[in-house]
Amino acid sequence: MAFCSNCGASLAGAKNFCSRCGYKAENIPETTEEEVVLEAEPVESEDVDEEEKESEPVFDRTCVECEEEASQKCYFCWANICTDHTKRLQIFINKAPFGNQVVSCRKCANDKQNKQPTQQEAEGASLFFGVKPYHEWKLVE
């Protein structure tokens with residue numbers, strides 16, 4: 001049985017690519033289970049204070065527009081936004097709302113309003129059928 005030399009997955013039935021990592025089969029030599037060794041990169045130890053090790057990471061949670069505490073992220077650009085600068089968009093089909101409302105910053109709301117959603121945007125808003133030219137984002141008040 002062959003194993004992927006990139007990730008170690010079994011290649012049973014795989015003809016062109018590894019089913020786990022997508023590595024090309026032409027680059028995958030016939031190997032036995034014992035020969036497959038996944039090498040881990042050595043971790044270099046750094047001199048770090050004990051306080052720094054125990055402290056939690058700091059995330060910037062300020063609104064991109066007013067620098068107040070942000071409560072949400074824009075669905076499109078992932079910018080932090082506070083409730084005062086939150087806009088809600090929803091996909092409309094022939095003037096009827098479909099799917100879930102999504103939170104957006106003002107810039108993205110202005111850019112997306114009255115435009116056709118991508119298939120990925122539509123699926124993220126729980127609209128799981130093909131996007132058509134008459135589908136569009138609308139601002140929901």
TODO: Provide the FRET efficiency to the nearest 0.05 for the ARG88-THR118 pair, computing r from the beta carbons and using R0 = 25 Å.
DONE: 0.85
Task: Cross-link table LYS73/LYS132; LYS73/LYS112; LYS73/LYS107, entries beyond 22 Å C-alpha to C-alpha - done: LYS73/LYS132
Open item on the list: Under a crude label model (7 Å from the Cα following the beta-carbon direction), how far is SER19 from PHE128 in nanometres?
Closed with: 2.3 nm
Task: Size of electric dipole in the range 84-141: Cβ of Lys, Arg +1 and of Asp, Glu -1, about Cα centre, debye, nearest 20 - done: 140 debye
Task: Length added when fully stretched, GLU67-PHE98, from 0.36 nm per residue minus Cα-Cα - done: 7.9 nm
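Coordinate-derived values only; no laboratory data. Because the structure is predicted, anything quoted here is derived from the model rather than measured. Positions of Cβ are generated from backbone atoms using ideal geometry, with glycine treated the same way; all protein chains shown enter the neighbour counts.
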